[in-house]
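Reading through the structure tokens given below for one structure.
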Amino acid sequence: MFQRLWTFFWKPSTRWGTGIVAVCGAIIALVLWAGFDKALEHTNRTEFCVSCHEMNANSYQEYQKTVHFRNPSGVRAGCPDCHVPKSFGPKLMAKFKASRDVWGHLTGIIDTPEKYEDHRLEMATRVWRYMESTNSRECRSCHDFPAMDVGKQRAEAQKMHPTAIKDNETCISCHKGIAHTLPDMSGSYKKMFEALEKQATAEGAKADVLYPIKEIPIYAEKDMGKTGGTILPATALKVLERSGDVLKVSLSGWQQDGVNSAVYARRGKRIFEAALTSSMVERLQASEAETDPETDLVWRKVSLEGWVKKDALVSKLQPIWDYGAEMYSANCNTCHKSAAPDHNLANQWNGVVEAMQRFVTIDKQQNRFMVKYLQMHASDVGGAAH
């Protein structure tokens, strides 16, 4: 059957001239093209985008509260202006990818506010990655650095845009919340921490060298009476003795003269490993003094033995650093593109994070760990922790 249809379609006409057939074919092609173009135009409107109740009830309501919907100049940017390329090829590709949204509508993936919130971070991340891959192409169809009069912009923009121009940054690096409510960025690293907790439980602290996944207390005695201080995450602990749910461990680091209560990971670098009480400081074993040639400060190599609980310890360091990297990215990529950890020196990261602390939502323990992650991957610590 198929073979006969194929032969009939390609058989030369005996009733119509070649010219008539060609003209008819061209007319049919033009009609089909016009219909396709009209359909493309129809789907390329904000009204069409929000015809699905998922978009109308969520994204559209958020968008109406932003400067892209209402502003002093009266210029409105609709859904296609931000999400659909202008040139034909990329536009067709975007429409093809949008078929996934149709399937999502039919299957009800985000058909309730609760489902929408559950998928908000995933959806936002996908869009941000796409915009980064195109150098914010759709944003630049209206906004572009060469056309900006930076001197007439707000104070914050006057400060940030010259740096963005110099570093060839893309718009979405700093403007993630410009049209829609930002997702809860903490979800990703919270899941990673939950995975670390499960890993600690599964391993049972059986390795000879262990690393805390969070701040843990250290005790001078096995009975764990009065705490002797706090050990920060990712500090290497060598197991000396096991007794039920507690471990006798040793840690080593550096102590600066005049700062007796702190143990640091590197000489000359204020990378905290432990903060100790005065009674625990007396138990430190110290080597001969060394002078740091860069600062002329006196440091000593120290070691300490104590007891810890085994419920928050893992055998591998890298998953902890991965958790730190995700925390840093989630908190510091919202307002601007975050600098690579090796962009700064270890001691510089203290001031940088402190200056940005009011813009993030992590607690003090998480903040201290994020600083340590950045310091241990700083340029003067080799750019990677070991």
Query raised in the report: What size of dipole, in debye to the nearest 20, comes out for the chain about its Cα centre when the only charges are +1 on Lys and Arg C-beta atoms and -1 on Asp and Glu C-beta atoms?
Result: 1380 debye
Report summary line: Here the relative contact order (percent) of region 105-207, from C-alpha pairs under 8 Å and at least 6 apart, is 28 percent
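Among the GluC sites (Glu not before Pro) within region 285-386, which fall in a DSSP loop and have no more than 10 other Cβ atoms within 10 Å of their own Cβ?
Answer by residue number: 294.
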Query raised in the report: Measuring with a 1.4 Å probe in the full set of protein chains, what accessible area per residue, in whole Å², belongs to the chain?
Result: 61 Å²
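Once the Cβ-Cβ distance between residue 51 and residue 236 is put in as r, and R0 is 56 Å, what FRET efficiency do you end up with, to the nearest 0.05?
Numbers: r = 58 Å, r/R0 = 1.03.
So, using R0 = 56 Å, E works out to roughly 0.45.
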Report summary line: The extension gain from residue 92 to residue 198, computed as 0.36 nm times the residue separation minus the Cα-Cα distance, is 33.7 nm
Report task. Work out the charge dipole of the chain with +1 on the Cβ of Lys and Arg and -1 on the Cβ of Asp and Glu about the Cα centre, then indicate which of 219, 313, 265 is farthest towards its positive end. Result -> 313
Requested in this report: Tabulate in residue order the Karplus-calculated ³J(HN,Hα) for region 146-160, using 6.51 cos²θ - 1.76 cosθ + 1.60 with θ = phi - 60°, rounded to whole Hz; enter x for Gly and Pro.
Outcome: x, 8, 7, 9, 4, x, 9, 7, 5, 4, 5, 5, 4, 7, 7
Report task. Using R₀ = 41 Å, calculate the FRET efficiency as 1/(1 + (r/R₀)^6) where r is the Cβ-Cβ separation of residue 191 and residue 34; round to 0.05. Result -> 0.25
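For the chain, what does the relative contact order come out to in percent, with C-alpha contacts under 8 Å and a separation of six or more? Each step should come with its number before you reach the end.
Values: 480 pairs, mean separation 49.0, N = 386.
About 13 percent, as a whole number.
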**Report entry** Portion, in percent, of the accessible area of region 273-386 that falls on carbon or sulfur, probe 1.4 Å
**Finding:** 48 percent
Requested in this report: With a 1.4 Å probe and every protein chain left in place, tell me how much accessible area residue 343 has, in Å² to the nearest 10.
Outcome: 130 Å²
Query raised in the report: Which one of 123, 377, 207 is farthest out on the positive end of the charge dipole of the chain, using unit charges on Cβ (Lys, Arg +1; Asp, Glu -1) and the Cα centre as origin?
Result: 123
Requested in this report: Label region 295-386 by shape, choosing from rounded, prolate and oblate, from the square roots a ≥ b ≥ c of the eigenvalues of the Cα gyration tensor; if a/c is under 1.5 it is rounded, and otherwise prolate applies when a/b is larger than b/c, oblate when it is not.
Outcome: oblate
Requested in this report: Using 0.36 nm per residue of separation minus the Cα-Cα distance, give me the extension gain between residue 347 and residue 283 in nm, one decimal.
Outcome: 20.3 nm
Report task. Express in whole angstrom the spacing between the alpha-carbon centres of region 337-365 and region 242-260. Result -> 26 Å
**Report entry** Accessible area of residue 143 in the full protein assembly, 1.4 Å probe (Å², nearest 10)
**Finding:** 100 Å²
Query raised in the report: Dipole of region 297-383, Cα-centred, from +1 at each Lys and Arg C-beta and -1 at each Asp and Glu C-beta, to the nearest 20 debye?
Result: 220 debye
Query raised in the report: At residue 354 and residue 62, where each label point lies 7 Å from the Cα along Cα→Cβ, what is the point-to-point distance in nanometres?
Result: 3.5 nm
Query raised in the report: Could you give the dipole magnitude of region 119-202 about its Cα centre, charging the beta-carbon of Lys and Arg +1 and that of Asp and Glu -1, in debye to the nearest 20?
Result: 60 debye
Query raised in the report: Expressed in nm to one decimal, what extension gain is obtained for the pair residue 303 and residue 157 from 0.36 nm per residue of sequence separation less their Cα-Cα distance?
Result: 47.7 nm
**Report entry** Of 299, 29, 44, farthest towards positive along the dipole that unit charges on Lys, Arg, Asp, Glu beta carbons give the chain
**Finding:** 29
Requested in this report: Note the listed values [x] 1.43; [y] 1.09; [z] 0.94, then indicate which one is Cα Rg over 2.2 N^0.38 Å calculated from this particular structure.
Outcome: [x]
Query raised in the report: In nm, to one decimal, how far is the residue 119 label point from the residue 148 one, both placed 7 Å along Cα→Cβ?
Result: 3.4 nm
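The values are calculated or read from the model by the stated rules, or taken from the named source; none is laboratory data. What you see is a predicted model; the values in this text were computed from it and never measured. Reconstructed Cβ throughout: ideal geometry from the backbone, glycine too, with neighbour counts over all protein chains shown. The protein model used for the area step is the full one, side chains on, heavy atoms only, and it has no ligands, DNA or RNA in it. Shrake-Rupley method; radii C 1.70, N 1.55, O 1.52, S 1.80 Å.
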